[in-house]
Amino acid sequence: MKKIILVVALCVGAWYYFAGGRTLDEKMVRAFYDDGAHALYKRDAELLCKQLSSQAIIQDETVMNGQTQRTTLNQRQQCEAFKTSLQMFERIGDRMGGVLTIEYEFHIDSIVIDPSRKSAQVKGTSLLKMGETVMQFSGTFNDQVVREMGQMKLLRSDQRTVVRVAGGRGMSQSDFFSK
């Protein structure tokens, strides 16, 4: 009897691993973005990195001071970019006396789930504010999320971010980015 229960448990586990654990729904997609927001608030780059597929391709366009920079990043490069950004937030916070607040909000405009329920296209906007108006990152995203090994992962992203830095009182723009 124990052998039969073990075989049934293994079959259920195999089904979940190969089939059931790879489907997604709208609730899972929304939870994925909520988890990313929480990781950002925690300033936890490792949690953000875990949301990336090993096959991730990130097409990024950043506009700052009228200059546009376009990059294409893979999973490893995007993970390093997360770490660098969070370190930059810490440096800015230190230069402001350790009182830097971060506010992050996102809005999902649409979720289109593939008929196979293995991926979803997600379009939306985001706004990251540091120290109220000290620095703002306003963005749009068009993502493809998938289920891998039972977890939601970002497979592809086309994103555009406009960076605004408040100048004037006490800190210049070069203070934010110098090491």
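Assorted remarks:
- Any hit, the stretch 107-121, residues being assigned to a helix (DSSP H, G or I) and either exposed (fewer than 13 other Cβ atoms within 10 Å of the Cβ) or of a type in the set (Lys, Arg) (or both): no
- In the stretch 131-179, residue nearest to Arg117 (Cα to Cα) [restricted to those that are modelled with pLDDT of 60 or more and among the hydroxyl-bearing types (Ser, Thr, Tyr)]: Ser157
- Each residue in the stretch 61-78 was checked for being under 15 Å from Phe137 (Cβ atoms) and among the charged types (D, E, K, R), and 1 of them qualify.
- The set of residues in the stretch 92-106 that are part of a strand (DSSP E or B) and exposed (fewer than 10 other Cβ atoms within 10 Å of the Cβ) is empty.
- The stretch 25-48, residues that are touching a residue at least 12 places away in the same chain (Cβ under 8 Å), in a helix (DSSP H, G or I) and over 17 Å from Phe89 (Cα atoms): Glu26, Met28, Val29, Arg30, Ala31, Phe32, Tyr33, Asp35
- Look at (1) farther than 28 Å from Asp25 by Cβ; (2) surrounded by 15 or more Cβ atoms within 10 Å (Cβ to Cβ); (3) at pLDDT 95 or above; (4) touching a helix residue (DSSP H, G or I) at 6+ places or on another chain (Cβ under 9 Å) and you find that Thr71 fails only one, number (2).
The values are calculated or read from the model by the stated rules, or taken from the named source; none is laboratory data. Predicted, not measured: the structure shown is a model, and the values here were computed from it. Heads up, the Cβs are rebuilt from the backbone with ideal geometry, glycines too, and the neighbour counts pull from every protein chain shown.
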